[in-house]
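The values are calculated or read from the model by the stated rules, or taken from the named source; none is laboratory data. Remember, it's a predicted structure, so these values are computed and weren't measured experimentally. Every residue, glycine as well, gets a Cβ built from its backbone with ideal geometry; the counts of neighbours run over all protein chains shown.
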2 protein chains.
Amino acid sequence: MIAKTLAIPYYAVVFTATRTDMDAGYEEMVQKMTDLAQKQDGFLGIESSTNNKLEISVSYWSSIEAIKKWKDQTDHEAAQKLGRKEWYKSFKVRISQVVRDYEFTN
Amino acid sequence: MIAKTLAIPYYAVVFTATRTDMDAGYEEMVQKMTDLAQKQDGFLGIESSTNNKLEISVSYWSSIEAIKKWKDQTDHEAAQKLGRKEWYKSFKVRISQVVRDYEFTN
């Protein structure tokens with residue numbers, strides 16, 4: 001559930017979105033894109049949580065170049081287009097460099 | 001819902017957690033800490049989403065120093081201690097510098 005990322009530095013893409021009422025095809029597309037992301041060079045992991053108000057998905061990558069390649073990946077581009085047209089009311093994408101991390105396990 | 005952060009550079013703290021079965025006092029504490037964070041110098045916004053598997057909370061700050069001060073804030077320290085003892089099975093904190101952001105509104 002919590003992504004097992006490697007030592008810093010690595011990169012995080014924080015995607016936060018509010019959804020429209022249109023659900024057709026959405027879950028399938030999320031699954032398809034998650035599967036596809038995992039096959040990309042430089043993909044390190046993904047964490048997602050959705051409630052009825054806000055969707056947050058954080059993906060982790062080894063470099064900015066890997067993030068750019070994923071953004072421009074053909075099937076992913078088509079999915080982004082559909083997302084803007086059908087599924088998302090609004091979203092924000094923040095690309096960031098992780099400079100420190102720590103964890104706790106009980 | 002989506003935090004209205006200012007121009008880059010700014011900083012994001014990505015907190016992802018799995019919860020224990022203990023719920024007593026949890027929601028109240030989350031609300032209290034969210035209210036308190038908003039009073040801290042350098043706080044820019046917060047986005048949270050929880051489902052039954054994973055909790056994600058991303059807070060945004062103007063500087064690393066502001067993040068450190070919030071981590072060490074007395075009431076917040078006590079809350080973190082309780083979190084480790086009662087509410088969280090595991091969590092990971094990632095502090096990162098936002099280097100690019102963009103948004104979409106329908």
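Of all the residues in the stretch A:34-78, those that are touching a residue at least 24 places away in the same chain (Cβ under 8 Å), farther than 16 Å from B:Asp101 by Cα and β-branched (Val, Ile, Thr) number 1.
Taking the condition touching an Asp or Glu at 6+ places or on another chain (Cβ under 8 Å) and among the aromatic types (Phe, Trp, Tyr), does B:Phe91 pass? Steps first, answer last, please.
Working: touching an Asp or Glu at 6+ places or on another chain (Cβ under 8 Å): yes; among the aromatic types (Phe, Trp, Tyr): yes.
So B:Phe91 passes the test.
When B:Ala12, B:Ala7, B:Ala37, B:Ala17 are checked against the criterion of being within 14 Å of another protein chain (Cβ to nearest Cβ) and more than 22 Å from A:Thr50 (Cβ to Cβ), B:Ala7 stands alone in meeting it.
Would you please name the residue that is nearest to A:Thr34 (Cα to Cα), looking only at residues in the stretch A:53-85 that are in contact with a strand residue (DSSP E or B) (Cβ under 9 Å, 6 or more places away or on another chain) and among the β-branched types (Val, Ile, Thr)? If we take residues in the stretch A:53-85 being in contact with a strand residue (DSSP E or B) (Cβ under 9 Å, 6 or more places away or on another chain) and among the β-branched types (Val, Ile, Thr), then A:Val58 is nearest to A:Thr34 (Cα to Cα). Within the stretch B:35-76, being touching a Gly at 6+ places or on another chain (Cβ under 6 Å) and among the hydroxyl-bearing types (Ser, Thr, Tyr) holds for B:Tyr60, B:Ser62, B:Ser63. If you check B:Lys81, B:Lys89, B:Lys53 for being under 19 Å from B:Ala24 (Cβ atoms) and either facing another protein chain (nearest Cβ under 10 Å) or modelled with pLDDT under 95 (or both), only one passes: B:Lys89.
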